Amino acid sequence: MERTLSQAEIDSVFRNLREPDKGEGAPVAVAYDFRRPDRIAKDQLRAIHQLHDNFARNLASSLSAYLRAYVMVNLVSVEQLSFAEFSQCLPSPTCVVSLSLRPLEGAAVMEINPSLVFPILEMLLGGSGKAAVRLTREITEIEQTILDALFRIVLHDLREAWRGVSPIDFSIEARETEPQLLQILAPNEAVVSISAEVRIGDHSGMINLGIPSIIIKMLRQKFDQQWSVRKSVSNAEEQARMLRLLCPAQIGLDARLLGPSILVEDFLNLDVGDVLTLDFGIDRPLKLLANGCIKYSGHIVASGNRKSFAIEGLERPD
């Protein structure tokens, strides 16, 4: 039987289409931005964070020795951005270089804030680096030449940090003072941004590194292999480190006849002529104690004009 819908029923149908049910289980539409960078896995980001955390610690030691001053380097963030967003976060003017990633194809970007560059230049030229004036001008060609040694140290520690994943030769390809002039990647191309804060006395600044996400994805399998064996390698390295620390330590050794015990009262009442029965057989081995703990069994032997202890066995703890 045909039925004609009323106007109220028609309005209700269109209202439901405009306002879908938002109850549990109802699908929710999310706007997708096709310009956003393709994301990499969170576990890989954590691995990159740990890798550059080691880089920050090594760089602090290297810069402290190079500048002969106490330098602190702290890893601030590891996140994924588009290259345009990464460039917009950099100050202008600044000290920025493009890095080749041989044998891999592509290029990375490294930037050192002027608030960090000029105090370092002052220290390298014989000053104290404690000037209160903050310079924001462009870096001259002579100053860029002086900074070559600084970049060599930073890139050396960066290569060493990445060596466990892949032997990448980070080297400088080009220099700029304006981040927008360094057009090595498309604006929408994804990069992994690594930011580290460097503090030298009263001065502090950032070192920012941008690595194309496609390079990180290409190394995904090597990251998985490196971190899967890291635990066993780290345990072996930790054991070797602990052994090196313990080797110079001294241990007190005592060879004892472990016989019966008596009360303190009886011990204090001993007098000349009293006899103690130790019940210790001649053939019974003595115990060698290391810092009060029984470790070996053996016998007293003659070694020239001295008495020595010949180890015959290892005592297992009960």
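When Ile262, Ile294, Ile282, Ile251 are screened for being in a strand (DSSP E or B) and either within 49 Å of the chain's Cα centre (by Cα) or not basic (Lys, Arg) (or both), only Ile294 passes. The set of residues in the range 106-121 being in contact with a Cys (Cβ under 6 Å, 6 or more places away or on another chain) and not in a helix (DSSP H, G or I) consists of Ile112 alone.
Residues in the range 239-292 that are farther than 22 Å from Phe309 by Cα and among the small types (Gly, Ala, Ser): Ala240, Ser261, Gly273. Could you say whether any residue in the range 77-84 is assigned by TED's automatic domain parsing to the domain that holds Gly127, assigned to a helix (DSSP H, G or I) and farther than 23 Å from Arg134 by Cα? Scanning the range 77-84, I find at least one residue that is assigned by TED's automatic domain parsing to the domain that holds Gly127, assigned to a helix (DSSP H, G or I) and farther than 23 Å from Arg134 by Cα, so the answer is yes. Within the range 85-105, the residues that satisfy the criterion of being in a strand (DSSP E or B) and among the β-branched types (Val, Ile, Thr) are Val96, Val97. Applying the set (1) at pLDDT below 90; (2) crowded, with 19+ Cβ neighbours inside 10 Å to Val109 leaves exactly one unmet item: (1). Per the listing Ile168, Ile184, Ile207, the residue uniquely surrounded by 14 or more Cβ atoms within 10 Å (Cβ to Cβ) and farther than 14 Å from Leu101 by Cα is Ile207.
Within the range 175-200, the set of residues being assigned to a loop (DSSP other than H, G, I, E, B) and either over 15 Å from Cys95 (Cβ atoms) or modelled with pLDDT of 85 or more (or both) comprises Thr177, Glu178, Gln183, Ile184, Leu185, Ala186, Pro187, Asn188, Glu189. In the set Glu141, Glu85, only one residue is surrounded by 16 or more Cβ atoms within 10 Å (Cβ to Cβ), of a type outside the set (Ser, Thr, Tyr) and without any contact (Cβ under 8 Å) to a residue 40 or more places away in the chain; that residue is Glu85. Quick one: Leu104 ticks every box in (1) farther than 21 Å from Leu51 by Cβ; (2) at pLDDT below 90; (3) surrounded by 14 or more Cβ atoms within 10 Å (Cβ to Cβ) bar one, so which box is it? It is condition (1) that Leu104 fails. Scoring His156 on the criteria (1) modelled with pLDDT under 85; (2) in a helix (DSSP H, G or I); (3) under 20 Å from Leu75 (Cβ atoms) leaves a single failure, condition (1). For Phe118, the requirement of being without any contact (Cβ under 8 Å) to a residue 24 or more places away in the chain and either of a type in the set (A, V, I, L, M, F, W, C) or in contact with an Asp or Glu (Cβ under 6 Å, 6 or more places away or on another chain) (or both) is met. Being outside any helix (DSSP H, G or I) and either surrounded by fewer than 21 Cβ atoms within 10 Å (Cβ to Cβ) or of a type in the set (A, V, I, L, M, F, W, C) (or both) is the filter here, so list the residues in the range 210-223 that pass it. Hits for the range 210-223 are Ile211, Leu219.
The values are calculated or read from the model by the stated rules, or taken from the named source; none is laboratory data. All values derive from a computational prediction rather than experimental measurement. Virtual Cβ from ideal backbone geometry, glycine too; neighbours counted across all protein chains shown.
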